1. What do you reckon, is B:Thr176 surrounded by fewer than 23 Cβ atoms within 10 Å (Cβ to Cβ), hydroxyl-bearing (Ser, Thr, Tyr) and in a strand (DSSP E or B)?
2. Quick one: how many residues across region B:197-210 are crowded, with 21+ Cβ neighbours inside 10 Å and more than 18 Å from the chain's Cα centre (by Cα)?
3. For region A:1-24, give me each residue that is within 13 Å of ligand 2 (Cβ to nearest atom), within 22 Å of B:Ala260 (Cα to Cα) and among the hydrophobic types (A, V, I, L, M, F, W, C).
4. Taking the conditions exactly as written (within 8 Å of ligand 1 (Cβ to nearest atom) and without any contact (Cβ under 8 Å) to a residue 60 or more places away in the chain), does B:Gly288 satisfy them or not?
5. In region A:9-57, which residue that is more than 7 Å from chain B (Cβ to nearest Cβ) and acidic (Asp, Glu) is surrounded by the most Cβ atoms within 10 Å (Cβ to Cβ)?
6. Let me confirm something: among B:Ala216, B:Ala227, which residue is within 11 Å of another protein chain (Cβ to nearest Cβ) and either surrounded by fewer than 24 Cβ atoms within 10 Å (Cβ to Cβ) or at pLDDT 95 or above (or both)?
7. Among the residues of region B:213-257, how many are more than 16 Å from ligand 3 (Cβ to nearest atom) and free of Cβ contacts under 8 Å to residues at least 24 places away in the same chain?
8. Quick one: count up the residues across region B:304-343 that are touching an Asp or Glu at 6+ places or on another chain (Cβ under 6 Å) and not basic (Lys, Arg).
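The values are calculated or read from the model by the stated rules, or taken from the named source; none is laboratory data. Keep in mind the model is a prediction, meaning the values are calculated, not measured. All Cβ positions, glycine included, derive from the backbone under ideal geometry; neighbour counts span all protein chains shown.
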Amino acid sequence: MIINRELCDICGSCVAVCPVDAISVSEFCVTINQDKCIECGNCQQICPARAISGAKK
Amino acid sequence: MKHKNYDIVVIGAGPAGSVAARYAAEQGASVLMLERDREAGIPVRCAEGVSRNGIAPFIDINPKWIAATIDSACLHSPDGEQAYMYNNGTGYVLERRLFDTELCNLAITTGVEMLTKADAIGLEYSGEKITGVRFKHFGEIKIANCSIVIGADGVESRVGRWAGINTALALNDIDTCVQYTVSGIDFESDACHFYFGKKVSPGGYIWIFPKSGNTANIGIGISGDLAAEKGPKAYLDEFMKRTFPEAKVNYTVFGGVPTAWGLKEYIKDNIMLVGDAARQVNPITGGGIVQAMIAAGIAGQVAADSIKAGDQSKKFLLRYKKEWDSKLGKIQKTMYSMKERFMKMDDSKFNNLVRLCQSIPKEEFSLKKLFSVAMKGDPLLVAEIARAFVASKLK
Ligand SMILES: Cc1cc2nc3c(=O)[nH]c(=O)nc-3n(C[C@H](O)[C@H](O)[C@H](O)COP(=O)(O)OP(=O)(O)OC[C@H]3O[C@@H](n4cnc5c(N)ncnc54)[C@H](O)[C@@H]3O)c2cc1C
Ligand code: SF4
Ligand code: SF4
C-alpha cells in the first residue's frame with residue numbers, strides 16, 4: 001500500500017480500520033509497515049483524502 | 001534515558017485527555033499528560049456542535065469559545081422538503097481550538113503536568129505488567145513510569161493495541177468525513193441543517209453548522225462500507241455546486257468518526273481507554289465531545305480512587321465501565337441498533353419523516369408531539385428514529 005503524502009491530511013482514519021496495526025502516525029506523517037500489511041484494502045477505502053492506493057482489486 | 005515517576009500518564013490532550021487528567025489531579029494524583037502535536041486543539045477536525053447541558057458540568061460557559069447559539073435543527077429530506085425542529089438555545093457551535101485549550105488549561109491549573117510535542121510510541125512493561133509510557137519529546141526518547149495509563153489518543157488510537165486491546169473498526173462502524181469552513185454566504189445564525197439521502201450522503205448526512213461572521217462548517221460523513229467507489233469529498237463537492245455555488249472555502253479538513261457502540265474491552269490491569277479511543281461516540285449523530293468528557297470524568301475519578309486504594313487491577317478499574325454503562329453505555333447500544341436500521345431505511349422513509357415533522361406547528365413542537373403525530377401517520381420506525389435523533393443531537 002502506498003500513501004501519497006501530498007494528499008494525506010494525517011487524520012488517522014486509516015489507523016482505526018487496519019486489522020493488523022500496520023499503520024503509525026506522527027505529527028507530520030503516516031507510515032505503513034509493509035511487512036505487517038496484509039493488503040486488505042480497508043485503509044484505502046476509508047481514506048477521506050483518497051491518499052492511499054495499491055489495494056488488489 | 002530519562003525516567004520520571006507519576007501516578008497516572010494520560011496520552012492525548014483532546015477533551016477526553018484534559019478532563020481525565022483534571023479529574024484525577026483534583027483528587028491528589030500526580031498526572032502527566034502527553035500531546036503529540038505542538039498544541040492541543042489543532043487542527044480542528046470537527047463540526048463543533050455540542051449541547052449546552054452536555055458540556056456545562058465540565059467547564060464554565062464562556063462566550064469566548066462560542067461561535068453560535070443554536071435554537072433549531074432543520075432536516076432536509078431526499079426529495080427536497082424541509083422541517084424545523086425547535087429546542088431554544090440549547091445548542092452551541094464551538095471555537096474548538098479555544099475550547100480544547102481552555103480544557104487543557106483547567107487541567108494544568110489543577111496540577112497536571114503537560115508536555116506538547118510528546119509523541120507516545122509504546123508502553124513499558126515489567127513482565128506482563130504495564131509500568132509506564134515511552135515517548136518521543138523533541139526527538140529524545142523518554143520514559144514516564146506510572147501505575148495507570150489512560151489512552152485518550154483519539155480515533156487514531158494505538159495505545160489500546162499496544163496493550164493487546166483490539167480497537168480496529170469494521171468499515172461500517174466508521175464514517176469517512178470531509179468538512180469545509182466556508183464564507184461568503186448568509187447563513188441562518190441560529191439553525192443547524194442536516195441533509196439526508198442515498199445520493200446525497202450514503203449512510204450518513206451532510207451538515208451545516210453556522211459560525212460567527214457569515215462563516216459555517218459544511219461537512220459530510222458517509223459510512224465507510226459505502227465509500228469504495230466514491231469518497232466523501234466527491235459527494236460534498238456535488239452538494240456545494242448544487243446548493244452554494246458562490247461559497248468560498250476558507251479551509252478543508254478530513255477525518256473519521258467511529259460509529260460503533262463502543263468497545264467490548266477497554267479496560268485492563270493498569271490501563272483504561274476513553275473518548276474516541278474507546279469508540280465512545282454517539283453512533284447516530286457522530287457527536288463525541290460530550291461523550292468523551294463524560295467517560296473521562298468517570299475514568300479520571302476511578303484512576304485517582306485506584307491510586308488511593310493501591311489497587312490498579314482490572315477488577316478495580318471496571319468501576320469505570322459500570323458507571324459509564326449506567327450513564328451512557330446502555331443508551332449507546334440502543335443508538336447503535338437504531339443506526340443499523342437507519343442505514344437500511346430507504347429514501348421514501350426519510351421523505352415521510354420530514355413531512356411528519358412539517359405537520360407540527362412551530363410553537364407546538366415537542367418530542368412528545370412529534371411522537372404522537374408520527375404514530376398516527378404510521379411507521380413506528382420513523383417515530384423511533386426521529387425521537388432518537390432529536391434526543392441525542394440536542395441532549
Ligand atoms: C469531521 C468531524 C466532525 C465532527 N463533529 C462533531 C460535532 O459536531 N460534535 C461532536 O460532539 N463531535 C464531533 N466530532 C467528533 C469529535 O471530534 C470527537 O469525538 C472528539 O474530538 C473526541 O475527543 P477525544 O479527546 O477522544 O479525541 P481527540 O479530540 O481526537 O484528541 C486526541 C488527542 O490525542 C493526541 N494523540 C494521538 N496519538 C497520540 C500519541 N501517540 N501521543 C500523544 N498524543 C497523541 C492527538 O494529537 C489529539 O490531540 C466530529 C469528528 C469529525 C472527524
Ligand atoms: S491494506 Fe489493510 S492491513 Fe494493509 S495497512 Fe491498509 S488496512 Fe492495514
Ligand atoms: S486516512 Fe488518508 S488522510 Fe487520513 S491519515 Fe490515513 S492516509 Fe492520511
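1. Numbers: surrounded by fewer than 23 Cβ atoms within 10 Å (Cβ to Cβ): no; hydroxyl-bearing (Ser, Thr, Tyr): yes; in a strand (DSSP E or B): yes.
Spelling it out, it is not the case that B:Thr176 is surrounded by fewer than 23 Cβ atoms within 10 Å (Cβ to Cβ), hydroxyl-bearing (Ser, Thr, Tyr) and in a strand (DSSP E or B).
2. To start, the set of residues in region B:197-210 that are crowded, with 21+ Cβ neighbours inside 10 Å comprises B:200-201, B:204-210.
Now drop any that are not more than 18 Å from the chain's Cα centre (by Cα), which leaves B:200-201, B:210.
Result for region B:197-210: 3.
3. Listed by number, the residues that qualify are A:Cys14, A:Val15, A:Ala16, A:Val17, A:Cys18, A:Val20, A:Ala22, A:Ile23.
4. So B:Gly288 fits the description; yes.
5. Within region A:9-57, the match that is surrounded by the most Cβ atoms within 10 Å (Cβ to Cβ) is A:Glu39.
6. After ruling out the rest, the residue left standing is B:Ala227.
7. So the count comes out to 7.
8. So the count comes out to 2.
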